[in-house]
């Protein structure tokens, strides 16, 4: 039986991976554990490690790191803390594989620890672009990884051009799409009742995270987004941002907006509640990858604000704007006028989890895999 260890640092990555992790948990040839860090262990972000345990997943280690002040320096220092703690946890756990998702610092720290312990690394969502600090971090994780499970063929082709062995690059689709269309979602009336919204009026789901390079403008950007939505007559369901540089400003703006007519703010929504809100929203606005990837499965119009998702492959439901009052107003009006689109999604067919499980159980883990070299 192969031992697989997944590293999770946020509600977002766990939400995307939950379905896949449950498949791995129940697989006859795999034994799964999870190392938990970051926002999962913070009361301010919902203590979401509890959701991991509630899903029946074994937590191998808890690695707390300071989240304040929310600056790039804090993020950088936390990398060192996590590399040290992950090394200790992986030495104790001795998995056959470390599984990572995306582009966050905790995943980079996990890859650095694993490769120095001679443990193969499998990376999901490699090969994508974003045009901010996330992109070089994502590519760094890919270069430290031995197996690649990509969401699209374009991402797979990019990894091969980056020098990765084509035999170790597999197009699985995005795990976040698994189960989206199979779940029995609450209806619009129930979703709006849950969040204190009027079911007879249109509402927007706002998820806006700061970008490291533009951390100083994040608060003003969030304020303009809220104004643009309420000026358009929309109710707003807003989620607090991740604990990244600039997040204090966004959190302050949303905290100040609590109690304002037509604005509801939530610290955290469990994955089913978040998906239901995204499915029924008349508009999703911000810069979350959920707008780029998952929202298209429901045809929900998405206004992507700023550079955070630059250069990623787009579904037809996404419109990109800068965080200016005029651009926001025009974008909001345009998407509301066009309405919901057909649910077509370039990021996969909702079967990523079974493919990933099959590959993790069957790919050869030999010396050739570990002695990776770039193809030039």
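The values are calculated or read from the model by the stated rules, or taken from the named source; none is laboratory data. On a predicted model such as this, the values are computed, not experimentally measured, just so you know. Cβ sites come from the backbone with ideal geometry, for glycine too, and all protein chains shown count toward neighbours.
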Looking at residue 202 and the list (1) surrounded by fewer than 22 Cβ atoms within 10 Å (Cβ to Cβ); (2) within 24 Å of residue 13 (Cα to Cα), which single condition is not satisfied?
(2)
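Looking only at the stretch 161-170, decide whether some residue is under 24 Å from residue 11 (Cα atoms) and at pLDDT 95 or above.
No - not one qualifying residue is present in the stretch 161-170.
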Anything in the stretch 60-71 that is in contact with a strand residue (DSSP E or B) (Cβ under 8 Å, 6 or more places away or on another chain) and surrounded by fewer than 22 Cβ atoms within 10 Å (Cβ to Cβ)? List them, or say none.
60, 61, 62, 64
Across (1) more than 20 Å from residue 131 (Cβ to Cβ); (2) in contact with a helix residue (DSSP H, G or I) (Cβ under 7 Å, 6 or more places away or on another chain); (3) not assigned by TED's automatic domain parsing to the domain that holds residue 64, residue 309 clears everything bar (1)
Flagged in the stretch 133-155 as crowded, with 19+ Cβ neighbours inside 10 Å and closer than 15 Å to residue 167 by Cα, in numbering order, are 142, 145, 146, 147, 148, 149, 150, 155
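Residue 285 - would you say it is touching a residue at least 60 places away in the same chain (Cβ under 8 Å), touching a strand residue (DSSP E or B) at 6+ places or on another chain (Cβ under 9 Å) and either under 18 Å from residue 10 (Cα atoms) or surrounded by 24 or more Cβ atoms within 10 Å (Cβ to Cβ) (or both)?
yes
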When you scan the stretch 117-132, do you find a residue that is surrounded by fewer than 20 Cβ atoms within 10 Å (Cβ to Cβ), part of a helix (DSSP H, G or I) and assigned by TED's automatic domain parsing to the domain that holds residue 363, even just one?
no
Return yes or no: is residue 326 within 23 Å of the chain's Cα centre (by Cα), assigned by TED's automatic domain parsing to the domain that holds residue 194 and without any contact (Cβ under 8 Å) to a residue 40 or more places away in the chain?
no
Looking only at strands (runs of 3 or more DSSP E) that lie completely in the stretch 142-221, which have at least 2 residues being in contact with a strand residue (DSSP E or B) (Cβ under 9 Å, 6 or more places away or on another chain), in contact (Cβ under 8 Å) with a residue 60 or more places away in the chain and not assigned by TED's automatic domain parsing to the domain that holds residue 306?
147-150
Of the conditions (1) farther than 22 Å from residue 134 by Cβ; (2) in contact with a helix residue (DSSP H, G or I) (Cβ under 9 Å, 6 or more places away or on another chain), residue 76 clears all except one; give me its number.
(1)
Would you check if residue 74 is crowded, with 24+ Cβ neighbours inside 10 Å and over 19 Å from residue 178 (Cα atoms)?
no
I'd like to check something: does the stretch 256-263 contain any residue that is at positive phi, over 18 Å from the mean Cα position of the chain (by Cα) and surrounded by fewer than 23 Cβ atoms within 10 Å (Cβ to Cβ)?
yes
Picking from 234, 303, 239, the residue that is in contact with a helix residue (DSSP H, G or I) (Cβ under 6 Å, 6 or more places away or on another chain) and either within 26 Å of residue 105 (Cα to Cα) or not assigned by TED's automatic domain parsing to the domain that holds residue 104 (or both) would be 303
Check on residue 294, surrounded by fewer than 18 Cβ atoms within 10 Å (Cβ to Cβ) and over 13 Å from residue 206 (Cβ atoms):
no
Could you check residue 308 against (1) under 29 Å from residue 17 (Cα atoms); (2) at pLDDT 95 or above; (3) crowded, with 21+ Cβ neighbours inside 10 Å and say which number it fails?
(2)
Looking at 16, 41, 24, 57, can you tell me which residue is surrounded by fewer than 21 Cβ atoms within 10 Å (Cβ to Cβ) and either under 20 Å from the mean Cα position of the chain (by Cα) or over 30 Å from residue 364 (Cβ atoms) (or both)?
41
Within the stretch 347-367, restricting attention to residues that are over 13 Å from residue 97 (Cα atoms) and in a loop (DSSP other than H, G, I, E, B), which residue is nearest to the chain's Cα centre (by Cα)?
347
If I go through the stretch 265-281 residue by residue, how many of them are crowded, with 19+ Cβ neighbours inside 10 Å and touching a strand residue (DSSP E or B) at 6+ places or on another chain (Cβ under 9 Å)?
7
